[in-house]
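Novice: This structure is in structure tokens; I'll ask about it shortly.
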Amino acid sequence: MTDVRDNQPLTPAVFHILLALSSGDRHGYAIMKQVDADSQGRVTMGPGTLYGSLKRMLDAGLVVESGERIEPAIDDKRRVYYAISGAGSQALGAELERYRRLVELTSGRGLTPITLADG
Amino acid sequence: MADGDDPVRVLYRRLLRRYPRSFRARFGASMEQTFEDLRRERRNSGRGSFGFIVWAFAETSVGIVRETMMDNARVAWGTAVPLGLVALAYALWWVSDRLLYIGPLDRAAFGWAVVVPVWLAAPVAAGFAWRGLTARASNIAAVVVGTVISGVAAVLFWRAVADPDCAYGATRTPADWVLPSMVLGLMIGGGLAVSALLTSRFVHQGRPWRAVALGAGTEIVMVFAAILVTGMMMLLGPGCQRPPV
């Protein structure tokens, strides 16, 4: 599991879940749909991966259970909503900063997907 | 057919039962709901759901293996911490018992200054190591730790007293020492397990200093009780036959 205190890189599953929750509280199925949309179908998460990751993220304080019901009239009570925490926002911010620096570094060296594909 | 009787749903619910109890209690219902949402989405989009069901069952099974291994690793670690400290205390005592001085300390001072604190640290460290465990897992770890220490303490005591070096034979047979050894072992192992559980309860309540005081305090009481019982056994029990007149 990613240790937030050490500011270690996030695993792909943790990164995508935090990214999905950064735009609002969501339940498990909605997180999956958002991850699918954000990654343009490249990251597919099943219930085992999603809830295993959520457990570790809850334990690490990256996400919290949200008492809110977005649609209380139609929501099943088994749907638990999750929200990103302050530590989760920090971890996501640090990860995005890492990506930004990497893009800056590779751009400075003239490396782009097109130049690399051309060999 | 009622929604709850859907055979695929029933099978998936049965599969979820294979998760560790604490995980299932926390996420089981949500996982079942999410599985149903994904199935409904497949059905509504006109795509076949057979491939999805196979994939979801396989993916969930991998999750079960992963969570079970992590759960077992946590219990194993929670068991290894107190057992390691008790073994360390015993090793320090064993070494110091064969030397007159260890550094500036004679062996009695070394016992009180080093061996006893390490021993007292065992239940306290266990209580903190069990922080991430459920109450049931903590109880399992306590039973394992208590049983191992009870057994080892009983065997060590029995070996020390059952065969005294007597020229004309001992007053008691080795079999006479089995029950007292078991009682003493239970006092030592059970005392440590109870101290660790008490520490763990207060750690769970977010009161670490009270946990340390209570865990070490209970263990001190149990150690002195065990010393008292051992002393009484040594006074009343072992002895050698008088030479024939």
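No lab work stands behind these numbers, since they all come straight from the coordinates. Please read these numbers as outputs of a predicted model, since none were measured by experiment. Virtual Cβ from ideal backbone geometry, glycine too; neighbours counted across all protein chains shown.
Novice: How much length, in nm to one decimal, is gained on full extension between residue B:25 and residue B:179, taken as 0.36 nm per residue of separation minus their Cα-Cα distance?
Specialist: Length gained between residue B:25 and residue B:179: 51.2 nm.
Novice: For region B:3-48, what value does the Rg/Rh ratio take when both radii are computed over Cα atoms and Rh is the Kirkwood radius, given to two decimals?
Specialist: 1.04
Novice: Still on this model: Over its Cα atoms, what ratio of radius of gyration to 2.2 N^0.38 Å does region B:98-165 give?
Specialist: Details: Rg = 16.6 Å, N = 68, 2.2 N^0.38 = 10.9 Å.
Cα-based Rg divided by the globular estimate yields 1.52.
Novice: I would also like to ask the following. Note down the relative contact order for region B:124-215 as a percent, whole number, built from C-alpha pairs under 8 angstrom at least six residues apart.
Specialist: Relative CO of region B:124-215 lands at 45 percent.
Novice: Mind checking region B:148-245 for trypsin sites (Lys or Arg not before Pro) that DSSP puts in a loop (not H, G, I, E or B) and that have at most 16 other Cβ atoms within 10 Å? Don't skip to the answer; put the middle values down first.
Specialist: Values: sites: B:159, B:172, B:201, B:210; in loops: B:172.
Of the trypsin sites (Lys or Arg not before Pro), the ones in loops of region B:148-245 whose Cβ has at most 16 other Cβ atoms within 10 Å are B:172.
Novice: Can you give me the orientation-averaged projected area of the convex hull built on the Cα atoms of chain B, in nm²?
Specialist: Quarter of the Cα hull surface area: 20.6 nm².
Novice: For a quick check: with amide H placed at 1.01 Å from N, whose amide H comes under 5 Å from residue A:66's, ignoring anything fewer than 5 positions away on the same chain?
Specialist: Sorted by chain and number, the residues that satisfy this are A:81, A:82, A:83.
Novice: Still on this structure, I have one more. Which ordering of B:187, A:32, B:69 is given by a fewest-first count of other beta-carbon atoms within 10 Å?
Specialist: Working: B:187 20, A:32 25, B:69 11.
Going from least to most buried by this count: B:69, B:187, A:32.
Novice: Between region A:12-39 and region B:145-177, what's the alpha-carbon centroid distance in Å?
Specialist: Distance between centres, Cα-based: 63 Å.
Novice: Over the Cα atoms of region A:12-110, Rg to Rh with Kirkwood Rh, two decimal places?
Specialist: 1.04
Novice: Cα centroids of region B:88-130 and region B:43-69: how far apart, whole angstrom?
Specialist: Using only Cα atoms, the two centres lie 53 Å from each other.
Novice: Still on this structure, I have one more. Any idea what the relative contact order of chain B is, in percent, if you count C-alpha pairs under 8 Å spaced at least 6 apart?
Specialist: Values: 253 pairs, mean separation 44.7, N = 245.
This gives 18 percent for chain B.
Novice: A further question follows. In region B:1-74, what trypsin sites (Lys or Arg not before Pro) fall in a loop by DSSP, with at most 11 other Cβ atoms inside 10 Å?
Specialist: B:17, B:47
Novice: Among A:82, B:168, rank each residue by its count of other Cβ atoms within 10 Å, from fewest to most, as a rough exposure measure.
Specialist: Details: A:82 24, B:168 10.
Lowest count first: B:168, A:82.
Novice: Would you order A:39, B:138, B:181, B:200 from fewest to most other beta-carbon atoms within 10 Å of each residue's own beta-carbon? All intermediate terms of the calculation are to be shown ahead of the outcome.
Specialist: On the way: A:39 15, B:138 24, B:181 21, B:200 27.
Going from sparsest to densest Cβ surroundings: A:39, B:181, B:138, B:200.
Novice: Here's a follow-up. Would you pull out the residues with amide H under 5 Å of residue B:240's amide H, same chain only if 5 or more places away, H placed 1.01 Å from N?
Specialist: Correct list: B:171.
Novice: Now, a different point. Report, largest value first, the span of the C-alpha coordinates of the protein assembly as shown along each principal axis, in whole Å.
Specialist: Result for the protein assembly as shown: principal-axis Cα extents of 103, 63, 42 Å.
Novice: Kindly point out which whole DSSP H helices in chain B project their C-alpha atoms 15 angstrom or further along the helix axis while averaging a Kyte-Doolittle hydropathy of 1.6 or above.
Specialist: B:116-129, B:208-236
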